Amino acid sequence: INNDTDKVNQFFSQSLMQFIGSLITMTGAVILLLAINLPLALAALSPAILLWIFTKSVSPWIRRKNEASLASLGDLSAEIQESLANFRVVVAFNRRDYFRERFEEVNNENYNKSMQAGIANIILTPVYTFASNIGQLIVLSLGIWLIIRGHFSIGLLISFISYITSFYNPLRQLAALWANFQLALAAWDRISHLLSFENNLKIINDRSKDGNSSYLRFRDVSFSYPNGKEVLHNVSFDLQRGRTYAFVGPTGGGKTTTASLIARLYDATKGSILLDGRDIRSFTPSERASKIGFILQEPLLFSGTVRENITYGNPECAALTNDQLEQALEDVQLSGLIKRFDKGLDTPVQTGGDGISLGQKQIIAFMRAILRKPEILILDEATANIDTVTEQQLEAIMKNLPETTTRVIIAHRLNTIENADEIFFVNSGKIIAAGSFDEALRLLMNEKMES
């Protein structure tokens, strides 16, 4: 996308003014040519008509070649980015040969596509130059013939040649500019494809409440990913305010999908999900985000500082000074976690969270969610990469959340779910209320034995 925007920017910042200037010069030259001698002007400009037909015919081909070149360049960038992001795996498995083979493959593909695009972009220049020479030859030949017939003068012929040169020289420049225009169009097509994406999580106007006391309800919910199998089938359960719920089950059973549906990262394929008595689709994104806190299995951080990351999407905390923010962290017993970072709130965070450990990333994601004071807090393996001492500290912090806060915990470690008020077993498209910890353990063991 950076390369595409750069191509569009180059056309508007460099080529566009030259394009307009050439058109103005050509228009002036045409007016003067027609004023001097209409028949001779029409004859001299006839190659330009053929050029217009030729250009109109080859422009789609030039555009396709540029689109293919931009796509191959994107593939090359993606391959380099993926290899650099996973260089530890490449080194650990000693697969530098695979890296070289993959890079050579996409690099050769990019070279071939770029060469084809380069040929397409310069094909207009020699054709325009040839047409320019033909136009000047027509003027010279007919001009001499008119002079012999006594219908033209040498002075007018010299002026005519000068004006026809002023027409065809900018036209030759337009050949290169037109190729740049086709390149910019190809880049813009790729950009507009991204900009055309629309949010498929539509907001509905139904704000009626069902009168049930449950804070969150799944009613006959089914969900399947596009072109994928059904993950959940006719699932129904209720979550009450202030209680802790654990969702357990084998890998790939649908636990994270359930959490994503609770947070409305997806919409149910069938059935309905009610939040605080209302259809979850009736909440605006800001309303929903203020009620639901979600700590993802793989914490996502942005380049900047720890402060910027923990206040992300929280305008109230973002407006606080460092002292005020530290006090806010103290109020929710998070200040001790800040001490785990060398420079506290000002600890730099690189792109993708590089430079800090995975455990520290999860701590930042935890603080970001807690500071929002959500009514329902979802933890998707949020303590999987945290040491036992820190995990106990986070559990103590969660116990001190407001009594009305509903906690949804997804975990594989049994000690994480041992203190849950209710446990649900998720597998094979179903969510079963396991009841006690022992019952959940029995279901898990049975599932492993069947596997």
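The values are calculated or read from the model by the stated rules, or taken from the named source; none is laboratory data. No experiment lies behind these values; they were computed from the predicted model shown. So basically every Cβ, Gly included, is an ideal-geometry build from the backbone, and we count neighbours across all protein chains shown.
Observations on the structure shown:
- Verdict on Ala78 being farther than 17 Å from Ala179 by Cβ, among the small types (Gly, Ala, Ser), modelled with pLDDT under 80 and surrounded by fewer than 15 Cβ atoms within 10 Å (Cβ to Cβ): no
- Top-ranked residue of segment 322-342 - restricted to ones that are out of contact with any helix residue (DSSP H, G or I) (no Cβ under 8 Å at 6 or more places or on another chain) and over 24 Å from Lys399 (Cα atoms), ranked as surrounded by the most Cβ atoms within 10 Å (Cβ to Cβ): Asp342
- Filtered residues of segment 290-321 (kept if crowded, with 19+ Cβ neighbours inside 10 Å and over 26 Å from Ile262 (Cα atoms)): Val306, Arg307
- Every residue from segment 225-248 that is hydrophobic (A, V, I, L, M, F, W, C), more than 13 Å from Gly429 (Cα to Cα) and modelled with pLDDT of 90 or more: Phe237, Leu239
- Of residues in segment 1-47 being hydroxyl-bearing (Ser, Thr, Tyr) and without any contact (Cβ under 8 Å) to a residue 24 or more places away in the chain, the one surrounded by the fewest Cβ atoms within 10 Å (Cβ to Cβ): Ser13
- Listed by first and then second residue, the pairs with beta-carbon distance under 6 Å, at least 6 apart or on different chains, first residue in segment 84-100 and touching a residue at least 12 places away in the same chain (Cβ under 8 Å), second part of a helix (DSSP H, G or I), are Phe99/Ser83; Phe99/Val90.
- Comparison of Arg219, Arg149, Arg207 shows that the only residue that is surrounded by 15 or more Cβ atoms within 10 Å (Cβ to Cβ) and of a type in the set (D, E, K, R) is Arg219.
- Residues within segment 187-224 that are at pLDDT 85 or above and in contact with a strand residue (DSSP E or B) (Cβ under 8 Å, 6 or more places away or on another chain), tallied: 12
- Selection within segment 227-254 - under 29 Å from Glu198 (Cβ atoms) and not polar (S, T, N, Q): Gly228, Lys229, Glu230, Val231, Leu232, His233, Val235, Gly254
- When segment 238-276 is limited to residues that are at positive phi and among the charged types (D, E, K, R), the one that is nearest to the chain's Cα centre (by Cα) turns out to be Arg264.
- Taken over segment 229-270, the criterion of being among the β-branched types (Val, Ile, Thr) and out of contact with any helix residue (DSSP H, G or I) (no Cβ under 9 Å at 6 or more places or on another chain) is satisfied by Thr251, Thr256, Thr257, Thr258, Thr269.
- Within segment 314-339, residues that are more than 23 Å from Ala289 (Cα to Cα) reach partners that are in a helix (DSSP H, G or I) with beta carbons closer than 6 Å, at six or more positions or on different chains, in the pairs Asn322/Leu345; Ser335/Leu329; Leu337/Ile363; Ile338/Gly344.
- Test: residue in segment 213-221 that is within 30 Å of the chain's Cα centre (by Cα) and outside any helix (DSSP H, G or I): yes
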